[in-house]
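The structure appears below as C-alpha cells.
The values are calculated or read from the model by the stated rules, or taken from the named source; none is laboratory data. All values derive from a computational prediction rather than experimental measurement. Here Cβ is always computed from backbone atoms with ideal geometry, including for glycine, and neighbour counts include all displayed protein chains. Quick note on the areas: whole protein, heavy atoms, side chains included, nothing else; ligands and nucleic acids left out. Shrake-Rupley method; radii C 1.70, N 1.55, O 1.52, S 1.80 Å.
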Amino acid sequence: MRVADHLDGALSADGTVRGLAAVTTDLVEEARRRHGTLPTATAALGRGLTAALLLGGLSKAGERLSLEVRGDGPLGGFLAEATDGGVRGFVSRPKTDLPARRGKLDVGGAVGRGILCVMRVPATPGPPYRSIVPLVSGEIGVDVARYLVDSEQTPSVVGVGVWVGPDGLVGAAGGYLLQAIPGASDDAIARLEENVAVARTPSELVREGLDASGILERLMCGLEPRDLERRPVAYRCRCSQRRALGACAAMGREELERVRSAEVVCKFCGQRYDVGDEALRGILGGSPGSES
Ligand code: ZN
C-alpha cells in the first residue's frame, strides 16, 4: 500500500511535546529520476529533502528554508530548499554509491565530515537567519537534531530515512521531528526517549503502510497526540524562463556578445530552457529585468 506524500503535525495533550512527520516516497523518487542518482546519493538527497520539509514545517507561511550539507566524503554534499510544503534539491555527485554498512545505505560515509548550514529566508523583507553547525555523523537526522539543540535551544529528535529497492527506485521515504517545548515534564521526555528507542526506522514505518499521523501516534505513544494539521508535500521547483534569462544576464556582456543561443539547465530540477538570439540581444539591450 502506497501512501501519498504529506506532512502531519501534532501536539501532546498537555501541549509540551510537538511532533511533525512526513511521508515523502513520491517526491524522493521524483528527485531520483530528475537527477539520476544512484542509491547512496538517492538516500542522502531524500533524507535532506525530508529534513528540509520537516524544518520547514516549523516555519511561518511563505518562509524559505534551505538545508545545506557540505562534507569531505565522495558525495560532496547537497542542498535542499523547502517553502510551504514544496521542496527541491540536488547533490554534488549524483552517481555516488557506496557498499551498504550494517545493512543500510551508507549516507554518513558518503557525506564524511563537514558542516550543516540552515538558512531561513522570511517571506517579508528582512535579513535571512543563518546558522552553521559541524556534522555529528553525516547521517542527517542526528545532525539536524544537533542543529535544533545548538542553534534553536530546543531539545529535539529527528529521524529521516529512504528505502531504495533492488531496482534502484525509491520504495519508501519519510521522517519525523519531535520537540520538547519548555515546560515539558521529565516524564514526558522519558516517554519520548523510550518511544524513539524502540521505534523502527522512518523508512520501515512508511513501508509498514503508516501515514504521518500513524508515525506520530507510534512515536508520541502515551502522550495523547492531537492532530494539528495535515498538508500535501511535493517536489516543486521555482525555476522559470524568466529566471533562465536572469542566469544568462549574469554571464556578463562579453560572453553574451559571443554566443547566439544558450541552454540553461536548472540544477534543482534538470529542466532545460533554451534562450535564443533575440532574447540574448534583449538582455544586452537592457531588457528584460533579471532575477536570480
Ligand atoms: Zn528547476
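For the range 12-28, indicate whether the set of residues that are surrounded by fewer than 22 Cβ atoms within 10 Å (Cβ to Cβ) and not in a loop (DSSP other than H, G, I, E, B) is non-empty.
Going through the range 12-28, the residues surrounded by fewer than 22 Cβ atoms within 10 Å (Cβ to Cβ) turn out to be 13-16, 26.
From the residues that got through so far, the ones that are not in a loop (DSSP other than H, G, I, E, B) too are 26.
Within the range 12-28, one or more residues are surrounded by fewer than 22 Cβ atoms within 10 Å (Cβ to Cβ) and not in a loop (DSSP other than H, G, I, E, B).
For residues in the range 66-76 being under 13 Å from the mean Cα position of the chain (by Cα) and surrounded by 24 or more Cβ atoms within 10 Å (Cβ to Cβ), which is nearest to the ligand (Cβ to nearest atom)?
Initially, the range 66-76 is screened for residues under 13 Å from the mean Cα position of the chain (by Cα), giving 66-69.
Among the residues that remain, those that are also surrounded by 24 or more Cβ atoms within 10 Å (Cβ to Cβ) are: 67, 69.
On the way: LEU67: 17, VAL69: 20 Å.
The selected residue is LEU67.
What do you reckon, is ARG243 within 16 Å of the ligand (Cβ to nearest atom), within 30 Å of GLY85 (Cα to Cα) and of a type in the set (Lys, Arg)? Explain how you work it out, then say what you get.
Working: within 16 Å of the ligand (Cβ to nearest atom): yes; within 30 Å of GLY85 (Cα to Cα): yes; of a type in the set (Lys, Arg): yes.
For ARG243, the condition - within 16 Å of the ligand (Cβ to nearest atom), within 30 Å of GLY85 (Cα to Cα) and of a type in the set (Lys, Arg) - is met.
Hand me the list of helices (runs of 4 or more DSSP H) wholly inside the range 171-233 holding 2 or more residues that are over 25 Å from the mean Cα position of the chain (by Cα), in the same structural domain as ASP14 (by TED's automatic domain parsing) and more than 17 Å from GLY141 (Cβ to Cβ).
Helices (runs of 4 or more DSSP H) meeting the threshold: 186-198.
Residues to consider are LEU192, LEU228; find the one that is open to solvent by less than 40 Å² (accessible area, probe 1.4 Å) and either within 16 Å of the ligand (Cβ to nearest atom) or under 30 Å from SER66 (Cβ atoms) (or both).
Working: LEU228 fails: open to solvent by less than 40 Å² (accessible area, probe 1.4 Å).
Going through LEU192, LEU228 in turn, the sole match is LEU192.
Quick one: count up the residues across the range 89-120 that are within 16 Å of the ligand (Cβ to nearest atom), under 15 Å from the mean Cα position of the chain (by Cα) and open to solvent by 20 Å² or more (accessible area, probe 1.4 Å). Give the steps one after another, and end with the answer.
As a first pass, look at the range 89-120 and keep what is within 16 Å of the ligand (Cβ to nearest atom): 89-91, 94.
Next, from what is left, pick out any that are under 15 Å from the mean Cα position of the chain (by Cα): 89-91.
Now narrow it down to the ones that are open to solvent by 20 Å² or more (accessible area, probe 1.4 Å): 90.
Count: 1.
Of all residues in the range 246-263, which are within 15 Å of the ligand (Cβ to nearest atom) and either farther than 30 Å from LEU45 by Cα or open to solvent by less than 30 Å² (accessible area, probe 1.4 Å) (or both)? Steps first, please.
Pass one, the range 246-263, residues within 15 Å of the ligand (Cβ to nearest atom): 246-247, 263.
Correct list: GLY246 only.
Here is a list of conditions, (1) at pLDDT 95 or above; (2) among the hydroxyl-bearing types (Ser, Thr, Tyr); (3) open to solvent by 10 Å² or more (accessible area, probe 1.4 Å), and TYR147 meets all of them except one; can you say which number that is?
Only one criterion is unmet by TYR147, namely (3).
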